[in-house]
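Report on the structure given below.
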Amino acid sequence: MPEEEYLLTKNEIFVDSTKTNDTKLYNQLYQKPNSKLAWTPFRLHIYNLAKVNPDSSYQNWLHKKPNRERNLINFLSKKQVTRLGVGYAGVNNWLKKTGEAPVIVDESKAKRSVKRLQSYYWNNGWFNIETDYKVNYEENQRASVSYFVKPHKPYFIDSLHTKIESKAADSIYKLNQSGSAIISGKQYRTLDIETEMERLTRLYRNSGLYHFEKEFIKFDADTINTNQRIQLNLLINNRQITEGEHTKRIPFQVHKISKVNVFTDYSYKNRNEKPKDSVSYNGYNIYSYDKLRYTRKAITNSILITPGEIFRDRDRTLTYNQINNLKAFKYPNIRYSIDPDNPEGTDLIANVLLTPRKKYSTNVEFDVSTSNIQVFGIGFSGSFLIRNVFGGAEIFEISGRGSVGSSKDPVDPDGQFFDISEIGIDLKLSFPKIIFPLQTRKIIPKYMSPTTNLIFGINTQQNIGLDKQNASGIFNYQWKPSTKLTHQVDLVNVQYVRNLNTGNYFNVYSNSFSRLNNIATEVLDSNSPFFDPENTDQSTLTIPTGANSFIAQSLGESPDADLTADQLQEIRNINERKERLTEDNLIFASSYTYLKNNRENLYDESFSRFRVKIEFAGNVLNTFSNAIELKENSNNRFEVFGVEFSQYAKTELDYIKHWELGRKSVLAFRAFGGIALPYGNANSIPFARSFFGGGPNDNRAWLPYDLGPGSSGGRNEFNEANMKLAINAEYRYNILGALNGAFFIDAGNIWNVLDSVEEEDAVFSKWDDLQEIAVGSGLGLRYDFDFFVVRLDLGFKTFNPANIEDQRWFKGYNFSEGVYNVGINYPF
């Protein structure tokens with residue numbers, strides 16, 4: 001910096017001689033010190049690496065030694081040496097762009113900041129505000145700025161008087177006066193005046209006043225000799241219109257909709273042509289320039305502007321939303337005009353211009369992935385979409401997906417590289433209405449964008465030895481009472497899982513086999529027929545015959561006498577898990593999901609999201625089985641198509657909150673709780689509906705499925721349970737450009753509760769078990785590509801409940817034991 005300039009190091013604001021830390025006041029200042037990372041102006045240091053005159057610097061370096069330029073030309077070429085200089089300038093520009101220029105104290109901006117502080121206080125009722133500032137010059141060309149504020153006494157609202165010339169507008173105001181944002185006795189705030197103007201504008205435009213605009217509302221205030229009490233006046237004059245050379249004022253009137261004309265295939269080309277096809281339905285006139293391809297109900301159900309009702313601006317907005325939800329038309333164009341057949345000029349014609357999307361569309365995607373199961377995977381998917389299938393704006397979509405991958409721990413090391421594969425197809429048919437035997441319009445009106453979905457899917461997967469076939473069917477309803485609230489009811493959600501190649505279980509779940517084999521070698525003779533006779537180095541149970549036979553004998557009527565109680569319990573646990581993961585599943589469930597999300601858009605970083613889901617499975621099948629007196633199997637359970645159907649109750653609560661802290665910093669929080677309780681025809685939860693812990697979107701100090709249950713230490717390859725608690729907090733900040741950083745703390749665990757698992761370390765039986773909540777913490781990097789974010793997180797085991805009590809805190813807090821997670825987009 002030149003000698004006469006000073007670097008701004010600090011701002012201080014004093015209110016009535018007392019220093020304040022109110023961020024709202026500091027946000028009024030035009031100059032703020034350079035941003036800091038870990039108390040260091042990191043971006044300023046990057047900026048300082050750049051040269052003031054990069055071309056001169058390069059030339060000085062090039063000619064500093066007599067032979068340097070000649071040697072470089074001989075080694076490269078004269079052209080390359082010139083390009084080297086251009087590259088040096090490019091790096092220099094990158095340093096300037098990535099870094100942050102020093103914030104130089106500017107007294108003109110300090111004066112503007114003083115005025116802005118005055119405006120802030122004035123807008124909040126302090127009309128006699130006094131402000132000043134002082135620049136504190138320090139050594140080494142550093143300086144701070146102090147701002148001084150004396151607010152004095154604030155002003156309060158005393159009364160509000162109105163003068164509304166239009167009788168219609170005055171009548172509407174009086175009927176809705178109780179909702180006013182201006183309250184007698186409350187401290188004056190300009191924001192309240194703006195809020196009231198917005199309220200009145202919405203009120204009038206949704207009460208039939210088609211010509212009303214915000215500009216017609218005026219407020220004036222009397223503060224002279226009122227002892228800090230304000231007398232407000234609300235003025236709404238009649239609207240002014242010009243006819244020829246004359247102007248006059250006309251009172252606002254209530255307008256109603258006389259006609260609604262809907263053009264189903266409008267385009268710019270046919271704008272001047274006459275429609276060839278038309279039909280009238282419930283007061284709506286539906287036109288088409290070609291053959292009409294939509295049913296009357298499908299069109300009118302999407303139009304919230306109703307003939308015979310008064311003009312309401314919100315009806316137009318709701319119509320926009322409803323038509324967009326159809327996904328059959330481009331963004332619609334809605335125009336109003338005065339009905340020429342109405343002499344009073346109070347009737348409106350609404351013209352809704354719809355432009356259809358293409359009837360058919362396709363999509364193809366390709367991806368490369370990695371996970372805790374596979375080290376490398378290739379996926380491909382495609383979809384084919386048909387719009388307006390039956391003429392009612394229905395959408396039918398066929399999608400397929402296939403993938404191949406190489407497993408992390410292949411069962412057969414000498415086998416093929418791609419030993420994981422999956423292929424599946426999904427069919428989805430969506431109707432823009434609620435399909436139900438009874439009329440639902442009074443409960444779920446059409447402005448809520450009701451949708452009925454029929455979904456069917458089937459896939460088959462080969463997954464390192466344990467293969468599966470999966471078929472599912474869903475019949476659900478979805479509707480949105482507002483832009484923030486969504487309801488979904490899965491009336492029927494059926495899933496059938498068929499496990500193949502179950503004899504390969506112990507090859508896949510090697511941890512379970514190792515524990516079982518250790519017990520067998522301790523109690524069986526080395527010549528036992530359960531052991532592999534070809535393995536003479538050590539006793540090893542054959543798979544599957546030897547392992548299954550040893551389990552059957554141990555849990556039968558005549559177990560080996562050398563088995564201890566603990567060993568028997570361990571074998572029971574291994575067998576229970578084996579049976580649960582290899583048995584076929586039939587899930588016949590119904591659920592309700594409540595979702596409230598007040599996020600305005602993708603760039604809104606101050607929002608909350610709350611989701612509740614309640615699910616019941618097996619009740620219908622259990623009632624039906626009892627009604628027809630179906631025979632129970634040897635396990636005292638009913639079977640449908642040879643499969644014991646699942647029966648359980650499950651609930652999930654999920655809450656997310658973001659706080660924007662300024663300067664691209666965000667504090668994000670999430671809390672999750674879930675429990676699934678088996679009963680009736682089941683004593684456990686299917687693997688597909690259970691909970692797991694760990695991974696890039698959960699507790700990042702553990703890999704997926706590695707955490708829990710409880711303090712058991714994740715001894716299985718895929719640890720899951722039927723109860724989960726999780727809390728996550730993350731501070732996100734900008735490092736430079738599109739590169740962001742984060743510090744996070746994750747806490748949570750999974751447990752078994754009221755199911756078939758009896759292992760004490762894995763079961764939640766008392767409130768003291770909350771001490772088994774695992775804590776992970778760490779840091780991460782995120783690179784924002786605008787349309788998605790690539791994320792790298794490093795998590796450390798801050799509190800590990802699987803360790804002995806005096807070894808739980810910070811024993812995994814080193815880089816050798818850290819867990820690296822790669823993810824796409826933010827975890828919550």
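The values are calculated or read from the model by the stated rules, or taken from the named source; none is laboratory data. Fair warning: this is a prediction, and the values are worked out from it, not measured in the lab. Neighbour counts run over all protein chains shown; Cβ positions are idealised from the backbone, glycine included.
Please enumerate the residues belonging to the range 682-736 that are of a type outside the set (A, V, I, L, M), over 19 Å from Arg577 (Cα atoms) and surrounded by fewer than 24 Cβ atoms within 10 Å (Cβ to Cβ). Reasoning before the result, please.
If we filter the range 682-736 for residues that are of a type outside the set (A, V, I, L, M), which is where we start, we get 683-684, 686-687, 689-700, 702, 704-706, 708-720, 722, 724, 728, 730-734.
Those still in the list that are over 19 Å from Arg577 (Cα atoms) too: 694-700, 702, 728, 730-734.
Matches in the range 682-736: Gly695, Pro696, Asn697, Asn728, Glu730, Tyr731, Arg732, Tyr733, Asn734.
Going by the structure shown, is Tyr133 aromatic (Phe, Trp, Tyr) and either assigned by TED's automatic domain parsing to the domain that holds Leu739 or within 44 Å of the chain's Cα centre (by Cα) (or both)?
On the way: aromatic (Phe, Trp, Tyr): yes; either assigned by TED's automatic domain parsing to the domain that holds Leu739 or within 44 Å of the chain's Cα centre (by Cα) (or both): no.
Answer is no for this residue.
So which strands (runs of 3 or more DSSP E) stay within the range 250-313 end to end and still have 1 or more residues that are in contact (Cβ under 8 Å) with a residue 60 or more places away in the chain?
Working: elements: 256-263, 277-281, 284-288.
The strands (runs of 3 or more DSSP E) meeting that bar are 256-263.
Give all pairs with beta carbons closer than 6 Å in which a residue from the range 1-27 that is free of Cβ contacts under 8 Å to residues at least 12 places away in the same chain and in a strand (DSSP E or B) meets a residue that is small (Gly, Ala, Ser) and surrounded by fewer than 10 Cβ atoms within 10 Å (Cβ to Cβ); count only pairs at least 6 apart in sequence or on separate chains.
none
Could you tell me whether any residue of the range 553-566 is out of contact with any Pro (no Cβ under 8 Å at 6 or more places or on another chain) and closer than 22 Å to Gly714 by Cβ?
Here is the first cut: in the range 553-566, the ones out of contact with any Pro (no Cβ under 8 Å at 6 or more places or on another chain) are 554-566.
Subsequent filtering for residues that are closer than 22 Å to Gly714 by Cβ retains 566.
Within the range 553-566, one or more residues are out of contact with any Pro (no Cβ under 8 Å at 6 or more places or on another chain) and closer than 22 Å to Gly714 by Cβ.
Can you tell me which residues in the range 695-722 are closer than 28 Å to Phe616 by Cβ, touching a residue at least 40 places away in the same chain (Cβ under 8 Å) and either among the charged types (D, E, K, R) or in contact with a strand residue (DSSP E or B) (Cβ under 6 Å, 6 or more places away or on another chain) (or both)?
Within the range 695-722, Asp698, Leu707, Gly708, Pro709, Gly710, Ala721, Asn722 qualify.
Of the residues Phe390, Phe376, Phe366, Phe417, which single one is surrounded by fewer than 14 Cβ atoms within 10 Å (Cβ to Cβ), in a strand (DSSP E or B) and either at pLDDT below 95 or aliphatic (A, V, I, L, M) (or both)? Show your work before the answer.
Details: Phe390 fails: in a strand (DSSP E or B); Phe376 fails: surrounded by fewer than 14 Cβ atoms within 10 Å (Cβ to Cβ); Phe417 fails: in a strand (DSSP E or B).
On inspection, the qualifying residue turns out to be Phe366.
Just one of the numbered conditions (1) crowded, with 17+ Cβ neighbours inside 10 Å; (2) in the same structural domain as Phe396 (by TED's automatic domain parsing) is not true of Ala520; which one?
If we test Ala520 against (1) crowded, with 17+ Cβ neighbours inside 10 Å; (2) in the same structural domain as Phe396 (by TED's automatic domain parsing), just (2) comes out false.
Where in the range 593-691 are the strands (runs of 3 or more DSSP E), entirely inside, with at least 2 residues that are outside the structural domain of Asn470 (by TED's automatic domain parsing) and over 25 Å from Gly748 (Cβ atoms)? Spell out the reasoning first.
Values: elements: 607-617, 648-662, 665-678.
Strands (runs of 3 or more DSSP E) meeting the threshold: 648-662.
Asn697 is checked against (1) farther than 27 Å from Asn493 by Cβ; (2) in a loop (DSSP other than H, G, I, E, B) and fails just one. What number does that condition carry?
(1)
If I ask for residues that are surrounded by fewer than 17 Cβ atoms within 10 Å (Cβ to Cβ) and either under 19 Å from Ile574 (Cβ atoms) or of a type in the set (Lys, Arg) (or both), which ones from the range 529-542 would you list? Walk me through how you get there before you give the answer.
Narrowing the range 529-542 to residues surrounded by fewer than 17 Cβ atoms within 10 Å (Cβ to Cβ): 529, 532-538.
Result: Asp532, single match.
Using beta carbons and a limit of 8 Å, which pairs, at least six apart or on different chains, have the first residue in the range 732-758 and more than 30 Å from Leu44 (Cβ to Cβ) and the second one among the hydroxyl-bearing types (Ser, Thr, Tyr) and in a loop (DSSP other than H, G, I, E, B)?
What qualifies is Val753/Ser765; Asp755/Ser684; Ser756/Ser684; Val757/Ser684.
Answer yes or no as to whether Val81 is surrounded by 13 or more Cβ atoms within 10 Å (Cβ to Cβ) and in contact with a strand residue (DSSP E or B) (Cβ under 7 Å, 6 or more places away or on another chain). Before the answer, list the steps.
Working: surrounded by 13 or more Cβ atoms within 10 Å (Cβ to Cβ): yes; in contact with a strand residue (DSSP E or B) (Cβ under 7 Å, 6 or more places away or on another chain): no.
So Val81 fails the test.
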